[in-house]
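S.K.: Structure incoming, see below.
The values are calculated or read from the model by the stated rules, or taken from the named source; none is laboratory data. Please read all numbers here as calculations on a predicted model, not as lab measurements. As a convention, Cβ positions derive from the backbone with ideal geometry for all residues, glycine included, and neighbour counts pool all protein chains shown. Please note that ligands, DNA and RNA were not included when accessible areas were found on the heavy atoms of the full protein model with its side chains. Shrake-Rupley method; radii C 1.70, N 1.55, O 1.52, S 1.80 Å.
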Amino acid sequence: MVDAVPAPLTVRGRAKADRRDALLSAAARMFAARGFNGVSIEELGAAVGISGPAVYRHFSSKQAVLAALLVEVSESLLSGGEAVIAGAADAHDALAALVRFHVDFALGDPDVIRVQDRDLDSLDDTDRRQVRALQRRYVELWVRVLSDLHPGADAAALRIRAHATFGLINSTPHSARISGGAPRSVVRSLLEEMALATLAP
(Lines give C-alpha, C1' and ligand atoms only; values in the text may rest on other atoms or scores of the structure.)
Protein backbone atom coordinates (compact mmCIF):
# COMPACT_ATOMS: atom_id res chain seq x y z
CA MET A 1 0.00 0.00 0.00
CA VAL A 2 1.41 3.41 -1.01
CA ASP A 3 1.26 6.11 1.64
CA ALA A 4 -0.92 9.04 0.66
CA VAL A 5 0.99 12.15 -0.33
CA PRO A 6 -0.05 15.13 1.83
CA ALA A 7 -2.00 17.71 -0.13
CA PRO A 8 -0.02 20.89 -0.80
CA LEU A 9 -0.88 23.84 1.41
CA THR A 10 -3.13 26.52 -0.02
CA VAL A 11 -1.91 30.10 -0.04
CA ARG A 12 -4.00 30.73 3.06
CA GLY A 13 -2.71 27.56 4.71
CA ARG A 14 0.90 28.51 3.98
CA ALA A 15 0.34 32.01 5.38
CA LYS A 16 -1.11 30.50 8.56
CA ALA A 17 1.82 28.09 8.90
CA ASP A 18 4.29 30.94 8.36
CA ARG A 19 2.56 33.04 11.03
CA ARG A 20 2.69 30.12 13.45
CA ASP A 21 6.42 29.71 12.80
CA ALA A 22 6.93 33.44 13.31
CA LEU A 23 5.12 33.28 16.64
CA LEU A 24 7.33 30.41 17.80
CA SER A 25 10.48 32.27 16.75
CA ALA A 26 9.33 35.39 18.56
CA ALA A 27 8.40 33.36 21.63
CA ALA A 28 11.84 31.76 21.77
CA ARG A 29 13.52 35.15 21.58
CA MET A 30 11.22 36.90 24.07
CA PHE A 31 10.95 34.04 26.58
CA ALA A 32 14.75 33.71 26.54
CA ALA A 33 15.19 37.40 27.24
CA ARG A 34 12.42 37.94 29.80
CA GLY A 35 11.16 34.56 30.92
CA PHE A 36 7.84 32.88 30.13
CA ASN A 37 6.02 34.82 32.85
CA GLY A 38 7.51 38.11 31.67
CA VAL A 39 5.88 38.04 28.23
CA SER A 40 2.18 38.66 27.60
CA ILE A 41 0.08 37.32 24.75
CA GLU A 42 -0.39 40.91 23.57
CA GLU A 43 3.38 41.44 23.40
CA LEU A 44 3.88 38.16 21.59
CA GLY A 45 1.28 39.07 18.99
CA ALA A 46 2.71 42.55 18.54
CA ALA A 47 6.14 41.04 17.84
CA VAL A 48 4.78 39.47 14.64
CA GLY A 49 2.35 42.25 13.72
CA ILE A 50 -0.94 40.83 15.02
CA SER A 51 -3.18 41.51 17.99
CA GLY A 52 -3.05 39.48 21.17
CA PRO A 53 -6.41 37.79 20.54
CA ALA A 54 -5.24 36.81 17.04
CA VAL A 55 -2.57 34.60 18.63
CA TYR A 56 -5.40 32.30 19.72
CA ARG A 57 -6.05 31.41 16.08
CA HIS A 58 -2.76 29.52 16.23
CA PHE A 59 -2.40 28.48 19.89
CA SER A 60 -5.00 27.91 22.59
CA SER A 61 -2.94 29.68 25.27
CA LYS A 62 0.49 31.13 26.03
CA GLN A 63 1.35 27.81 27.67
CA ALA A 64 0.47 26.06 24.39
CA VAL A 65 3.04 28.29 22.65
CA LEU A 66 5.68 27.17 25.14
CA ALA A 67 4.65 23.53 24.75
CA ALA A 68 4.86 23.70 20.95
CA LEU A 69 8.28 25.34 21.16
CA LEU A 70 9.79 22.75 23.48
CA VAL A 71 8.02 19.64 22.17
CA GLU A 72 8.83 20.43 18.54
CA VAL A 73 12.51 21.13 19.19
CA SER A 74 12.76 17.88 21.17
CA GLU A 75 11.13 15.97 18.31
CA SER A 76 13.52 17.61 15.86
CA LEU A 77 16.56 16.64 17.91
CA LEU A 78 15.41 13.05 18.14
CA SER A 79 14.57 12.64 14.45
CA GLY A 80 17.75 14.45 13.43
CA GLY A 81 19.89 12.31 15.70
CA GLU A 82 18.32 9.14 14.31
CA ALA A 83 19.04 10.30 10.76
CA VAL A 84 22.65 11.13 11.63
CA ILE A 85 23.26 7.66 13.03
CA ALA A 86 21.50 5.94 10.14
CA GLY A 87 23.83 7.69 7.70
CA ALA A 88 27.06 6.95 9.57
CA ALA A 89 29.59 4.37 8.38
CA ASP A 90 30.56 3.22 11.88
CA ALA A 91 30.41 4.24 15.54
CA HIS A 92 33.31 6.70 15.25
CA ASP A 93 31.63 8.38 12.31
CA ALA A 94 28.29 8.38 14.14
CA LEU A 95 29.78 10.07 17.20
CA ALA A 96 31.48 12.78 15.16
CA ALA A 97 28.25 13.37 13.24
CA LEU A 98 26.18 13.54 16.44
CA VAL A 99 28.57 16.09 17.89
CA ARG A 100 28.39 18.21 14.74
CA PHE A 101 24.60 17.91 14.73
CA HIS A 102 24.26 19.01 18.34
CA VAL A 103 26.72 21.87 17.93
CA ASP A 104 24.65 23.04 14.94
CA PHE A 105 21.56 23.00 17.15
CA ALA A 106 23.22 24.87 20.01
CA LEU A 107 24.67 27.55 17.73
CA GLY A 108 21.40 27.91 15.84
CA ASP A 109 18.92 27.86 18.74
CA PRO A 110 20.55 29.24 21.92
CA ASP A 111 17.30 30.98 22.85
CA VAL A 112 15.38 27.70 22.82
CA ILE A 113 18.02 26.14 25.06
CA ARG A 114 17.67 28.96 27.55
CA VAL A 115 13.88 28.68 27.54
CA GLN A 116 14.12 24.92 28.10
CA ASP A 117 16.49 25.40 31.04
CA ARG A 118 14.45 28.10 32.73
CA ASP A 119 10.81 27.53 31.79
CA LEU A 120 10.30 23.78 31.42
CA ASP A 121 8.45 23.74 34.75
CA SER A 122 5.91 26.20 33.35
CA LEU A 123 4.52 23.41 31.15
CA ASP A 124 1.63 21.32 32.38
CA ASP A 125 2.44 17.79 33.51
CA THR A 126 1.46 16.12 30.23
CA ASP A 127 3.59 18.38 28.04
CA ARG A 128 6.52 18.26 30.45
CA ARG A 129 6.45 14.46 30.47
CA GLN A 130 6.39 14.43 26.67
CA VAL A 131 9.43 16.71 26.46
CA ARG A 132 11.30 14.63 29.01
CA ALA A 133 10.45 11.39 27.23
CA LEU A 134 11.71 12.75 23.90
CA GLN A 135 14.88 14.00 25.55
CA ARG A 136 15.54 10.62 27.18
CA ARG A 137 15.22 8.93 23.80
CA TYR A 138 17.69 11.40 22.35
CA VAL A 139 20.17 10.69 25.15
CA GLU A 140 19.82 6.98 24.51
CA LEU A 141 20.89 7.51 20.88
CA TRP A 142 24.17 8.85 22.20
CA VAL A 143 24.48 6.08 24.77
CA ARG A 144 24.02 3.45 22.08
CA VAL A 145 26.84 4.92 19.99
CA LEU A 146 29.07 5.37 23.04
CA SER A 147 28.44 1.76 24.06
CA ASP A 148 29.86 0.63 20.72
CA LEU A 149 32.95 2.75 21.31
CA HIS A 150 33.40 1.77 24.96
CA PRO A 151 32.60 -1.98 25.15
CA GLY A 152 31.72 -3.07 28.66
CA ALA A 153 31.24 0.47 29.98
CA ASP A 154 28.37 1.03 32.39
CA ALA A 155 25.39 2.62 30.66
CA ALA A 156 24.81 5.01 33.56
CA ALA A 157 28.37 6.30 33.23
CA LEU A 158 27.87 6.80 29.50
CA ARG A 159 24.69 8.80 30.17
CA ILE A 160 26.70 11.03 32.49
CA ARG A 161 29.23 11.57 29.69
CA ALA A 162 26.45 12.45 27.27
CA HIS A 163 24.76 14.88 29.68
CA ALA A 164 28.08 16.53 30.52
CA THR A 165 28.73 17.00 26.82
CA PHE A 166 25.29 18.56 26.33
CA GLY A 167 26.08 20.93 29.19
CA LEU A 168 29.30 22.00 27.52
CA ILE A 169 27.78 22.43 24.07
CA ASN A 170 24.48 23.99 25.15
CA SER A 171 25.90 26.64 27.48
CA THR A 172 28.82 27.91 25.41
CA PRO A 173 27.01 29.59 22.46
CA HIS A 174 24.83 31.64 24.83
CA SER A 175 27.84 32.61 26.95
CA ALA A 176 29.85 33.54 23.87
CA ARG A 177 27.01 35.64 22.48
CA ILE A 178 26.34 37.69 25.59
CA SER A 179 30.04 38.31 26.17
CA GLY A 180 30.70 39.35 22.56
CA GLY A 181 33.03 36.38 22.26
CA ALA A 182 34.80 34.50 19.50
CA PRO A 183 33.50 34.10 15.93
CA ARG A 184 30.99 31.33 15.34
CA SER A 185 33.50 29.26 13.36
CA VAL A 186 35.96 29.32 16.25
CA VAL A 187 33.29 28.40 18.79
CA ARG A 188 32.14 25.52 16.57
CA SER A 189 35.64 24.14 16.16
CA LEU A 190 36.42 24.33 19.88
CA LEU A 191 33.13 22.73 20.91
CA GLU A 192 33.54 19.82 18.49
CA GLU A 193 37.15 19.26 19.53
CA MET A 194 36.37 19.33 23.27
CA ALA A 195 33.29 17.11 22.95
CA LEU A 196 35.14 14.45 20.96
CA ALA A 197 38.07 14.55 23.37
CA THR A 198 35.63 13.79 26.19
CA LEU A 199 33.61 11.11 24.43
CA ALA A 200 35.87 9.22 22.05
CA PRO A 201 38.09 6.36 23.28
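S.K.: Quick check on Ala22: is it part of a helix (DSSP H, G or I) and in contact (Cβ under 8 Å) with a residue 60 or more places away in the chain?
M.R.: Judged against the criteria, Ala22 is not a match.
S.K.: In addition: Out of curiosity, is Asp117 part of a helix (DSSP H, G or I), open to solvent by 80 Å² or more (accessible area, probe 1.4 Å) and at pLDDT below 95?
M.R.: yes
S.K.: Further question: State which residue is modelled with the lowest pLDDT when the search covers only the range 99-114 and only residues that are of a type outside the set (Gly, Ala, Ser) and open to solvent by less than 20 Å² (accessible area, probe 1.4 Å).
M.R.: This residue is Pro110.
S.K.: Residue under question is Gly81, and the condition is that it be under 14 Å from the mean Cα position of the chain (by Cα) and under 30 Å from Leu190 (Cβ atoms); does it hold?
M.R.: Yes; evaluated as a whole, the condition is true for this residue.
For (1) of a type in the set (D, E, K, R); (2) farther than 30 Å from Met194 by Cα; (3) surrounded by 16 or more Cβ atoms within 10 Å (Cβ to Cβ), each residue gets a yes or a no:
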{"site": "Val65", "(1), (2), (3)": "no, yes, yes"}
{"site": "Ala68", "(1), (2), (3)": "no, yes, yes"}
{"site": "Val71", "(1), (2), (3)": "no, no, yes"}
{"site": "Ile85", "(1), (2), (3)": "no, no, yes"}
{"site": "His92", "(1), (2), (3)": "no, no, no"}
{"site": "Ala97", "(1), (2), (3)": "no, no, yes"}
{"site": "Leu123", "(1), (2), (3)": "no, yes, yes"}
{"site": "Leu134", "(1), (2), (3)": "no, no, yes"}
